[in-house]
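Right, one structure below, let's go through it.
The values are calculated or read from the model by the stated rules, or taken from the named source; none is laboratory data. Remember, it's a predicted structure, so these values are computed and weren't measured experimentally. Here the Cβ positions follow ideal geometry from the backbone for every residue, glycine too, while neighbour counts run over all protein chains shown. In case anyone asks, the SASA skips ligands and DNA or RNA and just uses the protein heavy atoms, side chains included. Shrake-Rupley method; radii C 1.70, N 1.55, O 1.52, S 1.80 Å.
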Amino acid sequence: MASAAEQLASNLNFSTFAKAEDLKKRLWFTLAALLVYRLGTHIPLPGLNPEAYAQAFRGQAGGILGLFNMFSGGAVQRMAIFALGIMPYISASIIVQLMTSVVPSLEALKKEGEQGRKIINQYTRYGTVLLGTLQAYGIAVGLEHGNGLVNDPGLFFRISTVVTLLGGTMFLMWLGEQITSRGIGNGISLIIFAGIAAGLPSALAGTLELGRTGAVSTPLILTVIIVAILAIALIVFCERAQRRLLIQYPKRQVGNRMFQGDTSHLPLKLNTAGVIPAIFASSLLLLPATAAGFTGSQSLPGWATAIISALGHGQPVYMALYAALIAFFSFFYTAIVFNPKDTADNLKKHGGFIPGIRPGERTAEYIDYVLTRITVIGAIYLVVVCILPEILVANTGVPLSLGGTSLLIVVSVTLDTVAQVQGHLIAQQYEGLIKKSKLRGGKRGR
């Protein structure tokens, strides 16, 4: 028999959405917040020479700046006040998550529930300020060393750049928290999604223009579109896939009555690490090319030039290292965010057990056994999705602005947002059913 939630979900329709006033308010708030974010990506940094910077950026677009530009919605390309984007906050969150597995005091805070989570979030904000300040100062110094990029270089420019860029990051962090609490879905994810999605129309128009001028053949463009559709279908399937472990609870007696033991499931996602492995792998591989671009390739020794050339997009060494790093970070980050021992201890504390497996250490070993094997499949899936666009670009020459990492983010955030909307609709319908049952009960009492 279907559960009550599944029955409610099957009854959702347009009339349910029309009656959900709270959901519509949340949607409008989310759209307004994302509009503010998009406006901020077009406000330039004060004291910058826009024409000189645009020319310099075109020479660095293939490096890590291009990756950051994608996540910031084009703000890096324009060097806007939101050029740092939300990346310092994401980096600080990942660092704090790693430290909770290493530092005993942070690990204890993690287990304290809501109060501990608030303290950890505060540490994450402090880390965001520190990383944002360092990155903003590095950008200011880098701009000053550029040829005519800054109108009036000096201490005042550095201070104003740090204050402006750090203020932009902190505002985006606050905006993401507001979207999470008053809007729909994870605000940070939606901000990144909005930045990537904003570049899709121009990328599609550019590809179609190549087909119109004959630079790229029509069958090749159709092939790319078909591959993109298949990749989206694969992402949707794998992001929803999970291994559900049966959890059973023993019978319990309350007074003279014996209650049957309950059963539930422990869902283990196929891709527990999400898009983090792809982001880490891309960032590490693009660092040498970016450093070479700033220092100048003429001043580098021959061996360094050979390494940077081998790590170029489409090169076999680049693809092999990209796949290996994605696989490594898939296992590494899964081990950070999911602890089988803690899960087994919680199950034992609440009387739950996996049929045929002894509670405690044996349960932790079994969960780790299952998680390791499904992570192998998840890592292969991430490698396929991220490497496939690289192969297409290398063999066809079609410029793909929407790579594997950005495609993963767009599809994943879309799925999460749809689930959030559906959850609000189910809650709305559930509240309506409760009100109706109370009214009927009141009428019967009369």
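Residue 358 fulfils the conditions (1) out of contact with any strand residue (DSSP E or B) (no Cβ under 9 Å at 6 or more places or on another chain); (2) at pLDDT 85 or above; (3) assigned to a helix (DSSP H, G or I) except for a single criterion, (3). Cβ-Cβ distance below 9 Å, separation of 6 or more or different chains: which pairs start in segment 188-217 with a residue that is touching a residue at least 12 places away in the same chain (Cβ under 8 Å) and of a type in the set (Phe, Trp, Tyr) and end on one that is surrounded by 13 or more Cβ atoms within 10 Å (Cβ to Cβ) and in a helix (DSSP H, G or I)? Cβ pairs passing all conditions: 193/34; 193/409; 193/410; 193/412; 193/413; 193/414; 193/417. Counting the residues of segment 341-354 that are open to solvent by 60 Å² or more (accessible area, probe 1.4 Å) and in contact (Cβ under 8 Å) with a residue 60 or more places away in the chain gives 2.
Counting the residues of segment 355-383 that are aromatic (Phe, Trp, Tyr) and open to solvent by less than 60 Å² (accessible area, probe 1.4 Å) gives 1. Consider residue 395 against the criteria (1) surrounded by fewer than 14 Cβ atoms within 10 Å (Cβ to Cβ); (2) at pLDDT below 85; (3) outside any helix (DSSP H, G or I): it satisfies all of them except one. Which criterion is unmet? With respect to (1) surrounded by fewer than 14 Cβ atoms within 10 Å (Cβ to Cβ); (2) at pLDDT below 85; (3) outside any helix (DSSP H, G or I), residue 395 is out only on (3). Being within 22 Å of residue 236 (Cβ to Cβ) and modelled with pLDDT under 80 narrows it down to one residue among 403, 314; which is it? Result: 403 is the single residue among 403, 314 that is within 22 Å of residue 236 (Cβ to Cβ) and modelled with pLDDT under 80. Would you confirm whether or not segment 194-206 contains a residue that is surrounded by 14 or more Cβ atoms within 10 Å (Cβ to Cβ), part of a helix (DSSP H, G or I) and touching a strand residue (DSSP E or B) at 6+ places or on another chain (Cβ under 9 Å)? No, there is no match, as no residue in segment 194-206 is surrounded by 14 or more Cβ atoms within 10 Å (Cβ to Cβ), part of a helix (DSSP H, G or I) and touching a strand residue (DSSP E or B) at 6+ places or on another chain (Cβ under 9 Å).
Out of the residues in segment 218-251 meeting the condition of being touching a residue at least 12 places away in the same chain (Cβ under 8 Å) and charged (D, E, K, R), tell me which one is surrounded by the fewest Cβ atoms within 10 Å (Cβ to Cβ). Taking the candidates together, the pick is 244. Inspect all residues belonging to segment 268-291 and state whether any of them is open to solvent by 40 Å² or more (accessible area, probe 1.4 Å), under 28 Å from the mean Cα position of the chain (by Cα), modelled with pLDDT of 85 or more and farther than 24 Å from residue 387 by Cβ. No, that holds for no residue.
Among the residues of segment 142-164, those identified as surrounded by fewer than 14 Cβ atoms within 10 Å (Cβ to Cβ) and either at positive phi or more than 27 Å from the chain's Cα centre (by Cα) (or both) are 142, 145, 147, 148, 151, 152, 154, 155, 156, 159.
Residues of segment 190-246 that are in contact with a Ser or Thr (Cβ under 7 Å, 6 or more places away or on another chain), more than 20 Å from residue 388 (Cβ to Cβ) and at pLDDT below 85: 195, 211.
Tell me whether segment 114-128 contains one or more residues that are at pLDDT below 85, assigned to a helix (DSSP H, G or I) and surrounded by 15 or more Cβ atoms within 10 Å (Cβ to Cβ). Checked segment 114-128: at least one residue is at pLDDT below 85, assigned to a helix (DSSP H, G or I) and surrounded by 15 or more Cβ atoms within 10 Å (Cβ to Cβ). How about segment 250-267: which of its residues are touching a strand residue (DSSP E or B) at 6+ places or on another chain (Cβ under 8 Å) and either polar (S, T, N, Q) or modelled with pLDDT of 80 or more (or both)? Scanning segment 250-267 gives 253, 263, 264, 265, 266, 267. Looking only at residues that are among the small types (Gly, Ala, Ser) and open to solvent by less than 70 Å² (accessible area, probe 1.4 Å) in segment 90-113, which one is farthest from the chain's Cα centre (by Cα)? It comes out as 108.
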